[in-house]
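First comes the structure, then the notes that go with it.
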There are 2 protein chains.
Amino acid sequence: VGYEEVAKLALERCFFFPAAEIYGDALAGFWEYGPLGVSLKNRVVELWRREMVRRDGMLEVDGSVILPERVFAASGHLRGFADPVVECLRCGSVHRADKLIEQIIGALVPEKLSEKELDGLLEKNQARCPKCGGQLSKTRRFNMMFKLGVGAREAAPAYLRPETCQSIFLDFPRVFRTMRCKLPAALAQVGRSFRNEISPRQGLIRLREMIQAEIEIFFNPAKAGDYHKFRLVEDCELSIQPLDSSERKPFSCKQAVKEGLIANELIAYYMALLQQFYDKTGIPGSEMRYREMGAEERAFYAEQGWDLEVRTSLGWLELVACNYRTDYDLRGHARESGRDLAIMDEGKVLPHVFELSMGIDRTVYSIMEHSLTREKERLVLKVPPYLAPIQVAVFPLVNRKGLPDEAKRIHNMLRTSFDVFYDDSGSIGRRYRRQDEVGTPCCVTVDYQTMEDKTVTVRDRDTMLQDRTGVDAILGHIREKVSFPSG
Amino acid sequence: VGYEEVAKLALERCFFFPAAEIYGDALAGFWEYGPLGVSLKNRVVELWRREMVRRDGMLEVDGSVILPERVFAASGHLRGFADPVVECLRCGSVHRADKLIEQIIGALVPEKLSEKELDGLLEKNQARCPKCGGQLSKTRRFNMMFKLGVGAREAAPAYLRPETCQSIFLDFPRVFRTMRCKLPAALAQVGRSFRNEISPRQGLIRLREMIQAEIEIFFNPAKAGDYHKFRLVEDCELSIQPLDSSERKPFSCKQAVKEGLIANELIAYYMALLQQFYDKTGIPGSEMRYREMGAEERAFYAEQGWDLEVRTSLGWLELVACNYRTDYDLRGHARESGRDLAIMDEGKVLPHVFELSMGIDRTVYSIMEHSLTREKERLVLKVPPYLAPIQVAVFPLVNRKGLPDEAKRIHNMLRTSFDVFYDDSGSIGRRYRRQDEVGTPCCVTVDYQTMEDKTVTVRDRDTMLQDRTGVDAILGHIREKVSFPSG
């Protein structure tokens, strides 16, 4: 099952759809989550919070998306977060200069070429507008941050954050002090980021407004080599594609550190924790890889980088950028703000940072693509039960003889604790199918026997078997079925 | 306990603090939630989701915060969401014209006066700049929406939504169709809104970037008088201050509808549901009131309105605006988009809307102010246990004889399921105090006896009593203590 089928399900069953769609698609790259998407997304975030934030003892913050200009002077985004673009002198369409060259030469163009170098390559390859064949302008830099003004008069310049993590760097001094942290300390945040992408595309894949779950681990670089939690993951297997290879191969964390593939134990530990999180999303480990980033692929702030990627019908897709940002960000903010951001850790140190920057929207999409399964005549979203957007559906077998009242009573009993859907229209088979395609693990049916002995059938999504259970036992049964993995 | 003490606790214990504070307060009105604030806020949202969204069977969406200009042409915000301002011709400071007049005359100025009328009043009252005494400019309108441009060339005008509900109106057609809704249908959303306030102030009270939880109930106006859920709340008591009164008085919902104080049963039902939600936040019902809004206080889209207010050390504070928006919004979007947004409900109807627009930040603040209690030498945040930011703290009595290892084992056992804080520094009494002031309901202490019989003490925040419990029973004990009210 591929992109088209997921997109169709998403639209028809209200997982996600374009923003302001009644106005046509004037603004591409903005999407909405409908009720089923909200529920799936919130559960993915809750799984992330359990398996990453709480399991590791991270501290979560939730920061402002509007930040003053100086923040981005310090972070380098004012200067560095800009794409090279050319404009068609005939039709006016705008294109990424590097992508245009890549399409012509069929190879990657390094990220750090100057405008002049790009113009040289465009000329050499006789590039023309891909829309109308027109002549192209010279290359200019287009900053992808959204700018706005704050205040009524001579508005103060501010930007929508292009990555959530800048809030974390700004909050670090207070959080570290007031929460009585020691290094290494990990801060986490889930929230929106904004990028004025030139070519947004493919639904949740390349958005102008997206949801990120970012983790920044602050550590003393002198101590990253010997990390006490490393023994918890040393045998954990990662699929790794090093820079000098075009294939991925399995490595234990121990082996990967020993052979120098992963720089140190601390980084290996967090890469393993992240893989273990994805193992619980239902995406098969065999469809994922850590790909090492070369200098020309890395963001401007990163000294080393790994992308955790997933194989989809659209090709390999980045889900999490894992960047070794060194002390780049704290150093920048210390310089620009004039504050001393060093902290004590057997002597003064400006912490280094390793980051796990997860795209929640892409993760939601990938979970859907990997769990949507066609089985004979039925389409089933085989997500793990704890991620299912609707946890239980309640049906009266027929709409008479008191069955709807009893079904509604059960619906009411379950509704504050679970996401429940009540459905009384169409045949039972058809109602099961509707729930199958959105992944509902349990369907409770009230039938004639219910009225006699207070039992209902509970039908399992995957086995399609129906068990009879006492009405009293439903709540416990469902709680057990849909609860998050513990331990 | 008042505003200053809450603000102090918030800063010192990392509930909330100014955004980008290392840069000074160049941009007022932007705040961050630290780890304890994130946790408290998320639990308030979860309570709202349980008690409002799920209990009533509402459908939740999560929409884009950037929306195209036409949306706000349709909604009336381009024209109507503007404050009248004057500028000081000497010092350049900007002031709300109406507020300036109100300060001089000591009475409310109607919201709908023209610039000319305001200039007349300013002149008549010889208004001068309150900062420097300088002469003032003429009144102009200042639109409070943040504007930005989308796309690389001739950027498309767009705005940050000033209220989350516009996403709901835009999503209504698809959600209603694909979720197979019938009227009345309620859509809900929690998310950020943005207002370029001229005078942001007082921490979470007046923000430029805020979190709203909004509910829009779409209904057939011909049927609102007789609403089947009304019987569930008819005896529920609300404290109501009608337009013609300067005092609030208790009314049952039944009485309030009968006497024509509340327009119809549907509106009364949702006002009661909302009050029942707040009853579960720990804010005493005696400190809240529904105040009817006069024409001059209502927003431009509202035909009737109630503010649910709470008494705080800062005076009465609006927590939820309850507005009868009629078909104003759907009519506007139908006109501007050219789509027919009417739906079938025994004939074609353009639904009317009643809205509950909740400020989450103010709600968080008010819960803190009303629960923070000084008891002899201790400061206790007496929030309901299911809202406590830290659910359980784990202490080793001393840092030797194997106690820390056992305490860490227990910490690990609890950490994915609960928000747990591990503390091994200072006397036990001092560690209890630290937890009391952030509201932690349970403190588990590992002592010498633990090493002999596998029991620990569990200390209760409110009674300060310590119970001995088996290590095996801790998880169940805490789950019971901190779980949300069911039913």
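Taken over the stretch B:47-101, residues that are closer than 17 Å to A:ARG153 by Cα, of a type in the set (D, E, K, R) and in contact with a strand residue (DSSP E or B) (Cβ under 9 Å, 6 or more places away or on another chain) amount to 3. Residues of the stretch A:156-178 that are at the interface with another protein chain (Cβ under 8 Å from one of its Cβ atoms), more than 16 Å from A:PHE219 (Cα to Cα) and surrounded by fewer than 21 Cβ atoms within 10 Å (Cβ to Cβ): A:ALA156, A:ARG174, A:THR178.
Yes/no matrix, rows are residues, columns are (1) away from every other protein chain (no Cβ under 11 Å); (2) within 20 Å of B:PRO35 (Cβ to Cβ):
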{"position": "B:ASP405", "(1), (2)": "yes, no"}
{"position": "B:MET413", "(1), (2)": "no, no"}
{"position": "B:TYR422", "(1), (2)": "no, yes"}
{"position": "B:GLU452", "(1), (2)": "yes, no"}
{"position": "B:LEU465", "(1), (2)": "yes, no"}
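Here the condition is being under 28 Å from the mean Cα position of the chain (by Cα) and within 14 Å of chain A (Cβ to nearest Cβ); of B:VAL438, B:VAL383, it holds for B:VAL438 alone.
Per-residue answers, yes or no, for (1) of a type in the set (A, V, I, L, M, F, W, C); (2) free of Cβ contacts under 8 Å to residues at least 24 places away in the same chain:
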residue	(1), (2)
B:PRO84	no, no
B:GLU87	no, no
B:ALA97	yes, no
B:GLU117	no, yes
B:ASN125	no, no
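In the stretch A:419-463, the residue that is farthest from A:ARG374 (Cα to Cα) out of those that are aromatic (Phe, Trp, Tyr) and buried (at least 16 other Cβ atoms within 10 Å of the Cβ) is A:TYR422.
I'm trying to understand the selection: among the residues of the stretch A:1-11, which are touching a Ser or Thr at 6+ places or on another chain (Cβ under 6 Å) and either in a helix (DSSP H, G or I) or surrounded by 24 or more Cβ atoms within 10 Å (Cβ to Cβ) (or both)? Scanning the stretch A:1-11 gives a single hit, A:TYR3.
Among the residues of the stretch B:230-262, those that are within 26 Å of B:ASP327 (Cβ to Cβ) and surrounded by fewer than 17 Cβ atoms within 10 Å (Cβ to Cβ) comprise B:LEU243, B:GLY260. Looking only at the stretch A:231-246, decide whether some residue is within 14 Å of chain B (Cβ to nearest Cβ) and of a type in the set (Asp, Glu). Checked the stretch A:231-246: no residue is within 14 Å of chain B (Cβ to nearest Cβ) and of a type in the set (Asp, Glu). The one condition from (1) under 30 Å from A:GLU452 (Cα atoms); (2) modelled with pLDDT of 95 or more that A:ALA388 does not meet is (1). Residues of the stretch A:247-290 that are closer than 15 Å to A:LYS229 by Cα and assigned to a loop (DSSP other than H, G, I, E, B): A:ASN264 alone.
Just one of the listed residues (A:ARG431, A:ARG468, A:ARG461) is at pLDDT 95 or above, out of contact with any helix residue (DSSP H, G or I) (no Cβ under 7 Å at 6 or more places or on another chain) and closer than 25 Å to A:GLU5 by Cα, namely A:ARG431.
Residue-wise test of (1) surrounded by fewer than 20 Cβ atoms within 10 Å (Cβ to Cβ); (2) within 29 Å of A:GLU32 (Cα to Cα); (3) among the hydroxyl-bearing types (Ser, Thr, Tyr); (4) in contact with a Cys (Cβ under 8 Å, 6 or more places away or on another chain).
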residue	(1), (2), (3), (4)
A:GLY347	yes, no, no, no
A:LEU350	yes, no, no, no
A:PHE354	no, no, no, yes
A:GLY359	no, yes, no, no
A:THR363	no, yes, yes, no
A:MET368	no, yes, no, no
A:LEU381	no, yes, no, no
A:VAL392	no, yes, no, yes
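Just one residue in the set B:ALA127, B:ALA152, B:ALA97, B:ALA107 is among the small types (Gly, Ala, Ser), surrounded by fewer than 16 Cβ atoms within 10 Å (Cβ to Cβ) and modelled with pLDDT under 95; that residue is B:ALA107. What are the residues in the stretch A:16-33 that are assigned to a loop (DSSP other than H, G, I, E, B), under 14 Å from A:ILE211 (Cβ atoms) and either β-branched (Val, Ile, Thr) or more than 7 Å from chain B (Cβ to nearest Cβ) (or both), if any? Listed by number, the list holds a single entry, A:GLY29. For the stretch B:135-150, the tally of residues that are away from chain A (no Cβ under 14 Å) and either among the acidic types (Asp, Glu) or out of contact with any helix residue (DSSP H, G or I) (no Cβ under 8 Å at 6 or more places or on another chain) (or both) stands at 1.
When the test is whether a residue is more than 20 Å from the chain's Cα centre (by Cα), more than 14 Å from every other protein chain (Cβ to nearest Cβ) and free of Cβ contacts under 8 Å to residues at least 12 places away in the same chain, A:SER252 does not pass it. From the list A:LEU100, A:LEU108, A:LEU11, the lone residue that is at the interface with chain B (Cβ under 9 Å from one of its Cβ atoms) and aliphatic (A, V, I, L, M) is A:LEU11.
Of the residues making up the stretch A:333-364, those that are within 26 Å of A:ALA263 (Cα to Cα) and hydrophobic (A, V, I, L, M, F, W, C) are A:LEU341, A:ALA342, A:ILE343, A:MET344, A:VAL349, A:LEU350, A:VAL353, A:PHE354, A:LEU356, A:MET358.
The values are calculated or read from the model by the stated rules, or taken from the named source; none is laboratory data. What you are looking at is a predicted structure, and each value in this text was computed from that prediction instead of being measured. Neighbour counts are summed over all protein chains in view; Cβ atoms, including those assigned to glycine, are modelled from backbone coordinates with ideal geometry.
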